[in-house]
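The values are calculated or read from the model by the stated rules, or taken from the named source; none is laboratory data. As the structure is a computational prediction, the values presented were derived from the model and not from experiment. Positions of Cβ are backbone-derived with ideal geometry, glycine not excepted, and every protein chain shown enters the neighbour counts. Side chains included, ligands, DNA and RNA excluded: accessible areas come from the protein's heavy atoms. Shrake-Rupley method; radii C 1.70, N 1.55, O 1.52, S 1.80 Å.
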Amino acid sequence: MIEVKDAVKRFLDTNVLDHVDLVIERGDKIALMGPNGAGKTTLVRSILGFYHLDSGKIEVEGYDPIKNRVKVLEKISFIPQTPPPIKLSLTELLEYVSKSTGTKEEDIKEEAKRMDLDISKNLAKPFFKLSGGMKQKLLIAIALAKRSDILIFDEPTANLDPKAREKFYHLLSELPQEVSTLFITHRIEEVEGLINRKIYMDLGKVVEDERL
Ligand SMILES: Nc1ncnc2c1ncn2[C@@H]1O[C@H](COP(=O)(O)OP(=O)(O)OP(=O)(O)O)[C@@H](O)[C@H]1O
Ligand SMILES: [Mg+2]
């Protein structure tokens, strides 16, 4: 589904991605780990077409994330490490998401409820004024409601309380077998039951890739 071939991304003369090779197969459930600054977020942002590689190649179901950005983003649900400072109210945001991605507002509300977030109480509030955990829950709800074949989460549970974290993992455990997930996480013990593959990055390289 996703192929990363000899990918190099440089920032200020440092290879933040240093010849990364990686194939993500359909149904893979991956925990991507590694110390701060290892290049995990950079790898994910390159897969999403937010960064141009300096050399090498990435394909998402055969599509180049830069040349076919729209196609690639259609296939992936992504939750960023830091929620974007969206000024839209929740009403406007849901409308925007449903128009631009074809996700049903009802599905988002349903997923939010499953994450214990009552959207109806906050419809007039701008997204950026939600609490950190509420933002995360709403982003998770939107990502799950999109019913993508590929889910990419960059430390999605950082702002969640323990109960919300458990809910989130429960929802993930109910995903269809064929969905591929890539989680960046520092809490491997929490996702252990959900993954079939552990990838460890350090200094821009994949240093360990273990199937469980
Ligand atoms: N837009 C950018 N401009 C310059 N340097 C960048 C940029 N994005 C990332 N870097 C650098 O690339 C390196 C890897 O950053 P990245 O965010 O990919 O790490 P990470 O593995 O996700 O770390 P963390 O666990 O802290 O989230 C860091 O040294 C960072 O400073
Ligand atoms: Mg990161």
Those helices (runs of 4 or more DSSP H) completely within region 112-212 that have 1 or more residues that are within 16 Å of ligand 1 (Cβ to nearest atom) and open to solvent by less than 60 Å² (accessible area, probe 1.4 Å) are 132-145, 188-191
Considering residues that are surrounded by fewer than 15 Cβ atoms within 10 Å (Cβ to Cβ) and either within 16 Å of residue 56 (Cα to Cα) or within 16 Å of ligand 2 (Cβ to nearest atom) (or both), the number found within region 22-43 is 4
Restricted to region 3-21 and to residues being more than 17 Å from the chain's Cα centre (by Cα) and among the hydrophobic types (A, V, I, L, M, F, W, C), the residue nearest to ligand 2 (Cβ to nearest atom) is 16
Residue pairs qualifying under the 9 Å Cβ cut-off, at least six apart or on distinct chains, with the first in region 74-90 being aromatic (Phe, Trp, Tyr) and the second being in a strand (DSSP E or B), are 78/150; 78/151; 78/152; 78/153; 78/154
Taking region 23-34 and the residues there that are aliphatic (A, V, I, L, M) and out of contact with any helix residue (DSSP H, G or I) (no Cβ under 8 Å at 6 or more places or on another chain), the one that is nearest to ligand 1 (Cβ to nearest atom) would be 30
When region 146-181 is checked residue by residue, the ones that are among the polar types (S, T, N, Q) and within 19 Å of residue 109 (Cα to Cα) are 148
Yes or no: region 88-100 includes at least one residue that is over 14 Å from residue 152 (Cα atoms), of a type in the set (Phe, Trp, Tyr) and touching a Lys or Arg at 6+ places or on another chain (Cβ under 9 Å). no
Within region 35-64, the count of residues that are under 16 Å from the mean Cα position of the chain (by Cα) and within 16 Å of ligand 1 (Cβ to nearest atom) comes to 13
Flagged in region 85-97 as more than 13 Å from residue 144 (Cα to Cα), part of a helix (DSSP H, G or I) and either within 16 Å of ligand 1 (Cβ to nearest atom) or open to solvent by less than 70 Å² (accessible area, probe 1.4 Å) (or both), in numbering order, are 90, 91, 93, 94
Within region 61-84, restricting to residues that are more than 22 Å from residue 97 (Cα to Cα) and of a type outside the set (Gly, Ala, Ser), the one that is most open to solvent (accessible area, probe 1.4 Å) is 67
